[in-house]
Amino acid sequence: MSDVLYRSLFDDAALFPPGNAPMGEALPAHRAHRACARARYVGPFLVSGGRVGELRAVLAREEPAPEPLDVVVTVPGGADDVPGALDSIDEDPSLNLVGVEVAAEPGEAAATAAALAKALPDGVVGYVEVARGVEAAVDIASLTETGANAKFRTGGVTAEAHPTEVELAGLLSAAITAAVPFKCTAGLHHAVRHTTDEGFEQHGFLNVLLATHTLLSGASTAASQEVLADRDGRALARRVAALSDLEQAEIRTRFRSFGTCSITDPLDDLTVLGAL
């Protein structure tokens, strides 16, 4: 069975809610993921700009010195804080910066992308977290040809932090139309859409992958909403199995990855469904 769809899909966000793993546990666990059979599915290690110093201190204690750690730095304070975050990375050869994520206020996505393009070294991918709301589609369109990818927040620690199928389908459609690659963060804890014990309506990452395919195939935004709402895991797995390697690769050129505080849980879901 092809696994093109899942390669480097799962960015390691163990430090972030709801996992909130201590640095001294999250980093060794990430090293272990990257040293075993699941390594091909694991993306970079995510760290907030304010915790880079803590990460460097833990890295300094590793013996023998391993390969440089691929990291993506999140900068919640906005584009003005990017240079400082980059300085702390550049000073340490044990870190290999592969991406920077910055949140943008409504209407500020293009300006944030321009600031990232100016600050980032060659080869480092910039992600602009698009604010939810009525301006989201316009902000996504403004990222066209800026070199920046979009970032969508798909969950959180409250019910309101989880976008509805209608809202998320609109974001995906806007990104596909504008040819802007995107990643997701928060809320995609499992493969299939479900309701949590707290009553949160959480999206499944398998749903999002297939909704992306639906839009790329020329279907309507309403059709992608139906895919996002589908709770039949076996049916979703059968749809994935029918995708060619080329179709899977095309999906991943748009939906680049998502941050997850657990690497094993989503892979276990795929295994149980027979999708991996």
Residue among 107, 199, 187 with the largest mean-square fluctuation in a Gaussian network model of the chain, springs linking Cα atoms under 10 Å: 199
Solvent-accessible area per residue, Å², over the stretch 144-276 with all protein chains present [probe radius 1.4 Å]: 40
Amide H contacts of residue 261 (H built 1.01 Å from N, under 5 Å, at least 5 apart or other chain): 13
Average Cα contact separation per residue, the chain, under 8 Å, 6 or more apart, as relative contact order %: 19
Of all DSSP beta bridges in the chain, antiparallel share, percent nearest 5: 5
Under 5 Å, built H, 5+ apart or other chain: amide partners of residue 101: 73, 74, 75, 127
The stretch 121-158: GluC sites (Glu not before Pro) falling in loop per DSSP and having at most 11 other Cβ within 10 Å: 145
Residue-averaged [θ]222 nm for the chain, counting only DSSP H segments that reach four residues, each worth -39500 (n - 2.57): -12000 deg cm²/dmol
For the stretch 175-181, Karplus couplings with θ = phi - 60° (6.51, -1.76, 1.60), whole Hz, Gly/Pro x: 5, 5, 4, 7, 6, 9, x
The chain: Cα Rg divided by the 2.2 N^0.38 Å rule of thumb: 0.97
Derived scalar couplings ³J(HN,Hα) [the stretch 104-121; Karplus, 6.51 cos²θ - 1.76 cosθ + 1.60; whole Hz; x for Gly, Pro]: 10, 6, x, x, 10, 4, 5, 5, 5, 4, 5, 5, 5, 4, 6, 8, 7, x
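Which whole-number value in Å² is the accessible area per residue of the stretch 81-142, probe 1.4 Å?
Solvent-accessible surface per residue comes out at 47 Å².
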Label-to-label distance, nm, for residues given as residue 158 and residue 25 (7 Å Cα→Cβ offset): 2.7
Estimated Rh, the stretch 161-224: Kirkwood, alpha-carbon pairs, angstrom: 12.1
Fraction of accessible area attributable to carbon and sulfur, the chain (%, probe 1.4 Å): 52
Residue 122 versus residue 63: modelled label distance in nm, points set 7 Å from Cα along the beta carbon direction: 3.8
Fully extended contour minus Cα-Cα distance, from residue 249 to residue 7, at 0.36 nm per residue: 86.1 nm
Gained length - residue 194 relative to residue 223, 0.36 nm times residue gap less alpha-carbon distance: 8.6 nm
In order through the stretch 218-231: 3J(HN,Hα) via Karplus (6.51 cos²θ - 1.76 cosθ + 1.60), integer Hz, x for Gly, Pro: x, 6, 7, 4, 4, 5, 5, 4, 4, 5, 5, 8, 5, 10
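Convex hull over the Cα atoms of the stretch 168-276, averaged projected area in nm²?
6.5
The values are calculated or read from the model by the stated rules, or taken from the named source; none is laboratory data. The structure presented is a predicted model; accordingly, all values stated were derived computationally and were not measured. Cβ atoms come from the backbone with ideal geometry, glycine included; neighbour counts cover every protein chain shown. What goes into the accessible areas is simple: the full protein's heavy atoms, side chains included, and nothing from ligands, DNA or RNA. Shrake-Rupley method; radii C 1.70, N 1.55, O 1.52, S 1.80 Å.
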